[in-house]
Amino acid sequence: MKEILRWELRSPLNLALASAGAVLVGTVMKRYYLTWSAGFHGGPYGVEILGSIFREAFTGDVYLLLAILVPFIITLAVRLERDEGVALSVYSLPVSRVKILLAKFLAVLLVLFLFLLSVHVLVFALHFAATPDAVTGVLRVYTVPMAFFYLAVLFFMTSVAAVIAIASPNTYVSIFGGFVALYLPLFLGTTWYGPVPWRNLLVDYKSATISILSDPVFSWGFLRLTLLPALVLVALYLLIGRWRDVR
C-alpha cells in the first residue's frame, strides 16, 4: 500500500494539474487581498483583522476553481487507465483493487491539500509582509485550523468527485457530473450542503484566539457537514470500485 501511494504521489500529471490549480487559486486570493487592502485604506493590521481575512480568502471563486479542478484530477487518476485501456501503473505482485483505488484517492487528496494550503499561506505572508509581527501572530493562531479546514473540505470534495468518477460511464460524464455536484450547491445557495453552511458555521473565528480547539472548524456541526459524509462516500467509492474498476 505504501509503495502504491508513493508511486501515485509522484504522478507527473497529478503534480502538474495541482500546481496549475494552486497558481490559479493563489491568483484569486491575491486579488481578494488587494481588494481588501484598497478598501481598508492601509490602516493598522493586527492579528484580529488579518485573522478574519485569512479565513475569508476562501471565496466563492476559489471554490469554483476547486469544483473544476478536483473532479478533473480524480477522474484522470481513477478512470484514465480504465477508459483508455492502457495501464499506466503495473504491479509485479497481486494488489487488491481497494488498495489501488484508496492509494489513488489519498494521493489526489494529499497533493491538493499540500499545494493549496502552501499557496494560501505564501500569498498571505507575502501580501502582508509589511507587518511581519501581525502575520506571524495570525499564522501561529490560525494555521492549524486553516489546515484542518482545507483537509476537511478537500476530503469532502474529493470523495464526492471520486464516487461520481467510479460510477460514471465515461470520463466526460465524470468530470461534468463532479463539477455539477460540487458547484450546484453554491450556485443555488444551499444551506445544508456545500460552502454556504461552511461559511455560516465559521463566522466565529475569534474564538480561535482563546483556544485552537474552540475554533468552530473543530465543531460537531462542521464535522457533520464535511468529514462524516466524506467517510461514507469513500466507503461507497471503494465498494463500487471493487466490481466496477479495472482488474
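Yes or no, residue by residue, for (1) open to solvent by 10 Å² or more (accessible area, probe 1.4 Å); (2) of a type in the set (Phe, Trp, Tyr); (3) under 23 Å from ALA235 (Cα atoms):
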site: VAL138; (1), (2), (3): no, no, no
site: VAL144; (1), (2), (3): yes, no, no
site: MET157; (1), (2), (3): no, no, yes
site: GLY178; (1), (2), (3): no, no, yes
site: GLY189; (1), (2), (3): yes, no, no
site: PRO195; (1), (2), (3): no, no, yes
Quiz item: Within the group VAL123, VAL173, which residue is open to solvent by 20 Å² or more (accessible area, probe 1.4 Å) and either without any contact (Cβ under 8 Å) to a residue 40 or more places away in the chain or not in a helix (DSSP H, G or I) (or both)?
Solution: VAL173
Quiz item: Pick from the range 1-54 the residues that are open to solvent by 50 Å² or more (accessible area, probe 1.4 Å) and in contact with a Leu (Cβ under 9 Å, 6 or more places away or on another chain): which of them is modelled with the lowest pLDDT?
Solution: MET1
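Given the criteria surrounded by fewer than 18 Cβ atoms within 10 Å (Cβ to Cβ) and either touching a helix residue (DSSP H, G or I) at 6+ places or on another chain (Cβ under 8 Å) or without any contact (Cβ under 8 Å) to a residue 12 or more places away in the chain (or both), does ILE166 qualify?
Numbers: surrounded by fewer than 18 Cβ atoms within 10 Å (Cβ to Cβ): no; either touching a helix residue (DSSP H, G or I) at 6+ places or on another chain (Cβ under 8 Å) or without any contact (Cβ under 8 Å) to a residue 12 or more places away in the chain (or both): yes.
No: the conditions fail for ILE166.
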Exercise. Kindly establish whether LEU5 is under 25 Å from ASP133 (Cα atoms) and assigned to a helix (DSSP H, G or I).
Key: no
Quiz item: Can you find even one residue in the range 204-223 that is more than 22 Å from ALA18 (Cα to Cα), basic (Lys, Arg) and free of Cβ contacts under 8 Å to residues at least 60 places away in the same chain?
Solution: no
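I'm trying to understand the selection: among the residues of the range 126-146, which are aliphatic (A, V, I, L, M) and either at pLDDT 95 or above or not in a helix (DSSP H, G or I) (or both)?
So the first thing to find is which residues in the range 126-146 are aliphatic (A, V, I, L, M), and the list is 126, 129-130, 134-135, 138-139, 141, 144, 146.
Within the range 126-146, ALA129, ALA130 meet the criteria.
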Quiz item: So is LEU223 of a type in the set (A, V, I, L, M), in a helix (DSSP H, G or I), open to solvent by 20 Å² or more (accessible area, probe 1.4 Å) and at negative phi or not?
Solution: yes
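The values are calculated or read from the model by the stated rules, or taken from the named source; none is laboratory data. None of these values were measured; they are calculated from a predicted model. Cβ atoms come from the backbone with ideal geometry, glycine included; neighbour counts cover every protein chain shown. For the accessible areas, the whole protein counts, side chains as well, though only heavy atoms, and no ligand, DNA or RNA atoms are used. Shrake-Rupley method; radii C 1.70, N 1.55, O 1.52, S 1.80 Å.
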